[in-house]
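J.: Could you have a look at this structure, given as structure tokens, before my questions?
The values are calculated or read from the model by the stated rules, or taken from the named source; none is laboratory data. Only a predicted model underlies this, so the values are computations on that prediction, with no experimental measurement involved. Quick reminder, even Gly has a Cβ in these numbers, built from the backbone with ideal geometry, and neighbours come from all protein chains shown.
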Ligand code: ACO
């Protein structure tokens, strides 16, 4: 079986920089709180009239395609990971196909809704498709336009200050070199805590989960909801219930356990130890989480790439943006062992080891 490799990578972040101080004008927060807890100094917000999650993804994809030495028409499969799609349906995969001007219909387009682990899940899927010989030029994109779905009142501050917009993309191709490319991917999920970090409404749940779990107060679902109002009622809008929710400390505690666990699992599979890692690209959820993981893995800070300070948490885009920036900065060289790892909503988490 052939291995898969990343043949080209690109990223795009919108021009608009939003500093922590900018956020203090709309909600009760401070630069000090945000930096101390998360390491974030600023994030980017897209132009709401000219950009969408798909166009951000397309901008990153064009760079990845060019660097892979192919054209958009050569792409034979699209995988698009996002939690902030342009439409409820159809997904961003087909919108990206159109945006890139790919007119042939022999290709497939798949959307992934795995939040922070979306890029790793996508890479794992691409890897399997390449290994079986089904596709040769898979375009994998992680993109988010969080800024359109955040609560900018003080009620939403624990979530809103963390997230930013951006996109990263990679072209995955087969390689004949046995020890190169994706060595392994590990995927996990645990739905027990689905509501600990979630965007509950709008959705078709009708209060079912909230009632079963005794979470009515937290989600304050409108019991008078009618058919046809399936996604939101005026009351839900008035009560500002249509936003992401997170139990930060709960997520934090689990993340610092699961990151090292899933990295070690991948290393064990290929008979390597953490000292073999040349560059760890952790999902950029929180600088404190990355620092904790680096320490736990015995990795010096120069072997861990972080850019959350500039972009905040860009969810599905965070790993490909970081991977691309690390590569562009010359921090990833041919033959290096690169480790990707993510943990996020679901919960879903995963890792990938790549011999560059
Ligand atoms: N500004 C000022 N104060 C704030 C803010 C803010 N932006 N947000 C919360 N606070 C306050 C709270 O109201 C609380 O005040 P209180 O003590 O008076 O009640 C206090 O700060 C502490 O709040 P916590 O939520 O307990 O803060 P914590 O120290 O846990 O930090 C954080 C929050 C940064 C979110 C942290 O918990 C974290 O990083 N968690 C993990 C996030 C993560 O990994 N997510 C997964 C990936 S994202 C995805 O999957 C989509």
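J.: For segment 208-230, check the following and say yes or no: at least one residue is over 30 Å from residue 183 (Cα atoms), away from the ligand (no atom under 16 Å from the Cβ) and touching a residue at least 40 places away in the same chain (Cβ under 8 Å).
T.: Of segment 208-230, the ones over 30 Å from residue 183 (Cα atoms) are 208-230.
With away from the ligand (no atom under 16 Å from the Cβ) added as a condition, the list becomes 208-217, 219-230.
Keeping just the survivors that are touching a residue at least 40 places away in the same chain (Cβ under 8 Å) gives none.
Looking for residues that are over 30 Å from residue 183 (Cα atoms), away from the ligand (no atom under 16 Å from the Cβ) and touching a residue at least 40 places away in the same chain (Cβ under 8 Å), one finds none in segment 208-230, hence no.
J.: Looking at (1) surrounded by 22 or more Cβ atoms within 10 Å (Cβ to Cβ); (2) over 22 Å from residue 126 (Cα atoms), can you tell me which one residue 274 breaks?
T.: Every condition holds for residue 274 apart from (1).
J.: Looking at segment 35-82, which of its residues are crowded, with 24+ Cβ neighbours inside 10 Å and within 16 Å of the ligand (Cβ to nearest atom)?
T.: Of everything in segment 35-82, those that are crowded, with 24+ Cβ neighbours inside 10 Å and within 16 Å of the ligand (Cβ to nearest atom) turn out to be 40, 43, 53, 81, 82.
J.: Ok, one more. Check whether at least one residue in segment 184-196 is in contact with a helix residue (DSSP H, G or I) (Cβ under 7 Å, 6 or more places away or on another chain), assigned to a loop (DSSP other than H, G, I, E, B) and either away from the ligand (no atom under 16 Å from the Cβ) or not assigned by TED's automatic domain parsing to the domain that holds residue 212 (or both), and report yes or no. Explain how you work it out, then say what you get.
T.: Applying the first criterion (in contact with a helix residue (DSSP H, G or I) (Cβ under 7 Å, 6 or more places away or on another chain)) to segment 184-196 yields 184-188, 195-196.
When the remaining residues are screened for being assigned to a loop (DSSP other than H, G, I, E, B), the result is none.
There is no residue in segment 184-196 that is in contact with a helix residue (DSSP H, G or I) (Cβ under 7 Å, 6 or more places away or on another chain), assigned to a loop (DSSP other than H, G, I, E, B) and either away from the ligand (no atom under 16 Å from the Cβ) or not assigned by TED's automatic domain parsing to the domain that holds residue 212 (or both).
J.: Same structure again: If only one of 168, 164 is in contact (Cβ under 8 Å) with a residue 60 or more places away in the chain, surrounded by 15 or more Cβ atoms within 10 Å (Cβ to Cβ), within 14 Å of the ligand (Cβ to nearest atom) and within 30 Å of residue 71 (Cα to Cα), which one is it?
T.: Values: 168 fails: within 14 Å of the ligand (Cβ to nearest atom).
Of the residues listed, the single one that is in contact (Cβ under 8 Å) with a residue 60 or more places away in the chain, surrounded by 15 or more Cβ atoms within 10 Å (Cβ to Cβ), within 14 Å of the ligand (Cβ to nearest atom) and within 30 Å of residue 71 (Cα to Cα) is 164.
J.: Right, another one. Say whether the condition of being out of contact with any strand residue (DSSP E or B) (no Cβ under 8 Å at 6 or more places or on another chain), within 12 Å of the ligand (Cβ to nearest atom), touching a residue at least 12 places away in the same chain (Cβ under 8 Å) and not in a loop (DSSP other than H, G, I, E, B) is met by at least one residue in segment 10-20.
T.: Of the residues in segment 10-20, the ones out of contact with any strand residue (DSSP E or B) (no Cβ under 8 Å at 6 or more places or on another chain) are none.
No, there is no match, as no residue in segment 10-20 is out of contact with any strand residue (DSSP E or B) (no Cβ under 8 Å at 6 or more places or on another chain), within 12 Å of the ligand (Cβ to nearest atom), touching a residue at least 12 places away in the same chain (Cβ under 8 Å) and not in a loop (DSSP other than H, G, I, E, B).
J.: Looking only at strands (runs of 3 or more DSSP E) that fall completely inside segment 74-175, which ones have 2 or more residues that are under 30 Å from residue 29 (Cα atoms) and in contact with a strand residue (DSSP E or B) (Cβ under 8 Å, 6 or more places away or on another chain)?
T.: Numbers: elements: 77-81, 108-112, 138-144, 166-175.
Hits in segment 74-175: 138-144, 166-175.
J.: Also, I was wondering about something else. Please tell me if residue 151 is in the same structural domain as residue 7 (by TED's automatic domain parsing), surrounded by fewer than 20 Cβ atoms within 10 Å (Cβ to Cβ) and touching a helix residue (DSSP H, G or I) at 6+ places or on another chain (Cβ under 7 Å).
T.: Values: in the same structural domain as residue 7 (by TED's automatic domain parsing): yes; surrounded by fewer than 20 Cβ atoms within 10 Å (Cβ to Cβ): yes; touching a helix residue (DSSP H, G or I) at 6+ places or on another chain (Cβ under 7 Å): yes.
Against the criterion (in the same structural domain as residue 7 (by TED's automatic domain parsing), surrounded by fewer than 20 Cβ atoms within 10 Å (Cβ to Cβ) and touching a helix residue (DSSP H, G or I) at 6+ places or on another chain (Cβ under 7 Å)), residue 151 qualifies.
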